[in-house]
Structure formats: C-alpha cells, structure tokens
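Report on the following structure.
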Amino acid sequence: MTLFPKFSKKRDGVNVIQEQRLLQQVNHLILNSEVCTGCGICVEACPEEAIALGLVGATKRGAVAYAAPVDIDEVKCSYCGVCVVLCPFNALTLKIDGEERLPIVEKEGFPTYDMVADIDDEKCVRCTICDEVCPRDAIDRDVPEYEGTNPDAKERQLAITSKTTFKVDDEKCTLCGVCGAICPAIDVKLKPFTAEVGKVEGEVVWDETRCDACKVCVEACPEECITVEREVESKTLPGQVDIDQKMCCTCTWCSRNCPTEAITVEKLFEGEIDFFPEKCPGGCSTCVEVCPANAIYLPSSVPASQMKGKVEPTIAVNKDFCIFCGACVNACPGEDIIRLHRTGIRVKGKETDLFNKIKEKLCTPRTSKVKEDTPGSVQLKMMEKA
C-alpha cells in the first residue's frame, strides 16, 4: 500500500478542490466552476494533459449542476501552475501548504499575461457607463451615492466642487422675510421692535453649507436686492473608479464606450473568429450564453421584403468585443459553425520553450465538433494553418 502521494477531490459550493498530499507538502488546485467559462485554454496548456473539457454548454446553461466546464485529473496533475498562469479569467488557484504560489514561474521563469487595463483618473468623470457595460463585473466604482439615486444619500449640491457667493443690497432690502420663508439656507433675523427706533431692523444670514445656488431667492425677492453667483471649480464627482484586473477579460466594452476616453484596455489575444450562420440550426443560443465578453448576439429580425432571397442569419458576433477565448467553439453543438484562429498572445517575460509549444497549440485554427455526454468527450476539430 502506497502511503504517499495521496489524492482527493471534493466540491465546496462553486469550487472544485483537488488535493495532492506528499510526505512534506500539500498541494491544492482550486477551480471556481462559476468563473470558469470552458474556454479550454488550460486544456491545451497543461503539460501533463491532465485537463479535459467537460459539459461546457450544458454547464453554462444550467442544464447540469454536478459538473464543471473542465475536468482535472488530480493524479496526472503535476501542480506546476501553468493552467493558473494562462487562465484568462482567474478561475484557478494553486496553493502549496496553504500559500498561493506558482512553481512554473518561480523555478522556470514562465511568462505571464501582460495585462493592460487602466483608467486615467484625471480624465475619468466618475460616470456609470463602464460599470453598466462591463460583462464581468470588473469595474470597482467607489463613488458616493447622491439623492438622485437614493433619497437618503448625500445632497446633490455636494456632488461637485464649487464656490457660491451670496450678496444682499442692504440699501434696497426691506427685511420682508420672503427669502427666509422659502429657503432653509436663509434666516432673516429681526431686532426687537421698539417705539424708540420706530422701524424694522435686522440682518439676512446665509448658510453656505445649505445653499445649492438654485437662485429661487433671487427670483422671489420683491426688491430685487439679492445676488447669487456660483463658480464651479471641478465637475468631476468625488471618488475613484478602477478596473479589477483579476475579473477583467479585456473585452474593451468599457474603453470603447467611455465618453472621455479615460480607459485603456489591450486584449490578451489577437486573432480572427468567423461565424457561419447558414450552418446554424437556430434556436440554440448556447454560444450567446457562454460568451464571457457579451460579444455574440442573436440578430434582430429582418423584414422579408429586405431579405431578397437570402437566408436570415441566426447568430452573429461583434468582433470588436470578442476576446478569442474559444468558449463558444467548445460549447457549440454543431460542426463548422464557428471557426477560431488566434494569432498572438500578449505576455511579459521570457518566452520559454514550454510556452512556445503551448502557444503553437493555442494558435492552431479550430472549429467545433461537439458531442456532450461525459467529461472529456467534447471534441475540437483542429484545422490546417493557412
């Protein structure tokens, strides 16, 4: 009976945790099956061929709850960390004796992704567009709430930095009290009335912290003796907006839609992807559901009068947002409907022999030839390079 190594695998919520227990070391490889898209990059990158595609389409559609998009053989796995390094979605974590480590990087200098996803704080106006369009919840928007979205939040006049001046022409002011009656920022304080003085005396007191420069007091003053001026010093909302690079898939939705061009994102992969809708039976939409970049869509219906004998497309992709991950190819239940050809990978560090072998695999054109039944049965049809 062999005491070591010992292997085990268990599911804990969305995580699949596999363990390799050695005499003096314990390794854990953790797969977050909810974050995993089934792109299959880890499958082709694994030096030990320990990873196989699972029920990608069925898993992401929620048709099965017992399987993960990929299946890792805990015995064949060498716990080197290549899959962790090359997972573009950070769905894998390697722990050695409880500490996150990457032996392949530490010992062999394996390259890592050259991630470029930044927001220029000076250009950013703290709007919500990037947060709204991001398909991966990768935008960390730390901006105060105001009463426009939450009645109990901060007052709107605190949203921008400004300087307000309030002046009253004492010679014209009659201390009638109209301004104080309509505005909480103004208090008309009258002195006690005495027969000795025989007239109304007092002053108009203005609270700058409560004034939003609405100028209602100016318009309501019967003597036209009030002047309110507001000088905006900064139109940028307070707070900070950042990109969580662990969640970002470099789809460029945010950078392409930022109204102030404050965001810079460079895709991790270069390549081409082609859809052949005439081969797609329609009604499936699996590729739409699995796409982590929200780049695939079902085209709007076209009136028959405009088709002129053509077949209406059932599926399409916006190549501006495609990240060439391959999840759609792996999930497609048809054949030759989607073709993917990666042409480059954005990395930093020395490109080792192992990396170049993996790169060659990843850059081989492929299309779908799928049958979903058991883990490992999903097939990719590799194509000849042009």
field: Additional length obtainable on full extension of the chain from residue 165 to residue 6, 0.36 nm per residue less Cα span
entry: 49.7 nm
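Given the -39500 (n - 2.57) contribution per DSSP H run of 4+ residues, what per-residue ellipticity at 222 nm results for the chain, rounded to the nearest 500 deg cm²/dmol?
Numbers: 12 runs with 66 residues, N = 386.
It comes out at -3500 deg cm²/dmol, rounded to the nearest 500.
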field: Label zone at residue 137 (point 7 Å along Cα-to-Cβ), backbone N below 14 Å, the stretch 255-282
entry: none
field: Under-5 Å amide H pairs with residue 26, H placed in peptide plane, nonlocal only
entry: 97
query: Which of the peptides 327-337, 238-248, 140-150, 201-211 is most tightly packed, and how do the rest follow, judged by the mean count of other Cβ atoms within 10 Å per residue?
result: 327-337, 238-248, 201-211, 140-150
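Which order do peptides 268-281, 185-198 fall in by mean Cβ count within 10 Å, highest first? Before the final figure, lay out each step's value.
Details: 268-281: 16.4, 185-198: 11.6.
Peptide ranking by packing, descending: 268-281, 185-198.
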query: Which lysines, on any chain, are close to residue 123 with Cα under 28 Å apart, when same-chain ones fewer than 8 places away are left out?
result: 154, 163, 235, 246, 267, 319, 348
query: Which entry in (i) 0.95; (ii) 1.48; (iii) 1.81 is this structure's computed Cα Rg over 2.2 N^0.38 Å?
result: (ii)
message: Nothing charged except the Cβ atoms of Lys and Arg (+1) and of Asp and Glu (-1): what's the magnitude of the dipole of the chain about its Cα centre? Round to the nearest 20 debye.
response: 1960
field: Tilt relative to the chain, helix 353-362 - C-alpha long axis, 0 to 90 degrees, to 10
entry: 80
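Given a Förster distance of 22 angstrom, what is the FRET efficiency for residue 156 paired with residue 121, based on the Cβ-Cβ distance and rounded to 0.05?
On the way: r = 23 Å, r/R0 = 1.03.
Efficiency, rounded to the nearest 0.05: 0.45.
Rule-based calculations on the coordinates, nothing more; no lab input. Source: prediction; values computed, not measured. For neighbour counting, all protein chains shown are included, and Cβ atoms are generated from backbone atoms with ideal geometry for every residue, glycine included.
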